[in-house]
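All remarks here apply to the structure that follows.
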Amino acid sequence: MEKIKRGLVMEGGAMRGMFTAGVIDVMMENGIDFDGAIGVSAGAAFGCNIKSRQIGRVIRYATKYCNDWRFCSWKSLFKTGDLYGAEFCYKDIPYELDPMDFDTFATNPMEFYAVSTDVDTGKAQYHKFGDGKGKDMKYFMSTASMPIVSKIVEVDGKGLLDGGVSDSIPIKFWEHKGYNRNVVILTQPIDYVKKPNKMMPLIKAVYNKLPNLVQAVKIRHIEYNKTTRYIRNKEESGELFVIRPPKALEIGSMEHNPDELRRVYNIGRETMQARVEDLKKYLA
């Protein structure tokens, strides 16, 4: 009999990631665990707390610092080159203000991966994390560095940006890694269809020396919609367990209202609470 490998795949989506934060908190509260998890963009930056086992950490620091310009603001973009301040988000918060439990992250046997996009090739880069510090933190930064509003992150001799450009929902990669009992957390509702990027003229102008990156952005909606169809088919056949919001979350990339962050977080909690027993049966 084939060994069951329980995997978790977490889509990104900037502050739609509050939905994911609510889902994984309920999972942890109910003792639901995985052999491995992979996240993209906010799916990694927020989803990593399932490996460090820190219930409530995301909603705590997000609501506390959402009005701090260093966290996410146009001021941060103009002053630092990053909409989400790299120094504040990847140094001040995880090391000092609301520390990540690096010891638990390192000792928890759950594998953890994040997806970034190589700006030279336009291809996905899949990084397996160790203790979450140092170079790992650079990969957290790169997976969530959105084009135009973020600087290219240099790590391991490569220039990297947002993993959503090249592999928004890495279910096929995860299956290739041997994970065969998978749970996918999406941050868009079931009827969502991604449209072509309206910023393509600006993308072409800014990244004119990176044609493979430009091409990856250009076809992203096509690849995304292919993947969601693949997920839907496997969900209908019982091969995947999918958790998604019941309707569009209607929250922007920059959200400074803590009540809005809590609203989306609570939708994630409620959605997962309603399906806890079904998920336990699926993973058993």
Condition first: over 28 Å from Glu255 (Cα atoms), exposed (fewer than 14 other Cβ atoms within 10 Å of the Cβ) and not basic (Lys, Arg). Can you find one or more residues in the stretch 70-78 that meet it?
no
Could you tell me whether any residue of the stretch 102-109 is open to solvent by 50 Å² or more (accessible area, probe 1.4 Å), more than 15 Å from the chain's Cα centre (by Cα) and polar (S, T, N, Q)?
yes
Of the residues in the stretch 124-135, those that are closer than 20 Å to Lys177 by Cα and either surrounded by fewer than 14 Cβ atoms within 10 Å (Cβ to Cβ) or in contact with a Gly (Cβ under 6 Å, 6 or more places away or on another chain) (or both) number 2
Taking the condition of being in contact (Cβ under 8 Å) with a residue 12 or more places away in the chain and either within 18 Å of Gly31 (Cβ to Cβ) or among the basic types (Lys, Arg) (or both), how many residues in the stretch 269-284 meet it?
10
Consider Met200 against the criteria (1) more than 15 Å from the chain's Cα centre (by Cα); (2) open to solvent by 30 Å² or more (accessible area, probe 1.4 Å): it satisfies all of them except one. Which criterion is unmet?
(2)
Take the conditions surrounded by 12 or more Cβ atoms within 10 Å (Cβ to Cβ) and of a type outside the set (Phe, Trp, Tyr) and apply them to Glu250. Does it pass?
no
So, of the residues in the stretch 1-41 that are part of a helix (DSSP H, G or I), touching a Lys or Arg at 6+ places or on another chain (Cβ under 7 Å) and in contact (Cβ under 8 Å) with a residue 40 or more places away in the chain, which turns out to be farthest from Phe71 (Cα to Cα)?
Val26
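Look through the stretch 65-100, keep the residues that are assigned to a loop (DSSP other than H, G, I, E, B) and of a type in the set (S, T, N, Q), and return whichever of them is nearest to Asn49 (Cα to Cα).
Looking at the filtered set, the residue picked out is Asn67.
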Being acidic (Asp, Glu) and in contact with a Phe, Trp or Tyr (Cβ under 6 Å, 6 or more places away or on another chain) narrows it down to one residue among Asp92, Asp98; which is it?
Asp98
Out of the residues in the stretch 77-126 that are of a type in the set (Val, Ile, Thr) and at pLDDT 95 or above, state the one that is farthest from Met137 (Cα to Cα).
Thr121
Can you pull out the residues in the stretch 235-268 that are in a helix (DSSP H, G or I), under 21 Å from the mean Cα position of the chain (by Cα), farther than 21 Å from Ile169 by Cα and not polar (S, T, N, Q)?
Pro258, Glu260, Leu261, Arg262, Arg263
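Look through the stretch 23-49, keep the residues that are charged (D, E, K, R) and closer than 21 Å to Asn266 by Cβ, and return whichever of them is nearest to the chain's Cα centre (by Cα).
Asp25
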Are there any pairs, at least 6 apart or on different chains, whose C-beta atoms fall under 7 Å, with the first in the stretch 156-182 and within 19 Å of Asn212 (Cα to Cα) and the second among the basic types (Lys, Arg) and at pLDDT 95 or above, and if so, which?
Val165/Arg220; Ser166/Lys123
Tell me whether the stretch 128-143 contains one or more residues that are in a loop (DSSP other than H, G, I, E, B) and closer than 26 Å to Glu250 by Cβ.
no
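The values are calculated or read from the model by the stated rules, or taken from the named source; none is laboratory data. Note that the structure is a prediction, hence the values are computed from the model and not measured. Heads up, the Cβs are rebuilt from the backbone with ideal geometry, glycines too, and the neighbour counts pull from every protein chain shown. Heads up: the accessible areas ignore ligands, DNA and RNA and are worked out on the full protein's heavy atoms, side chains in. Shrake-Rupley method; radii C 1.70, N 1.55, O 1.52, S 1.80 Å.
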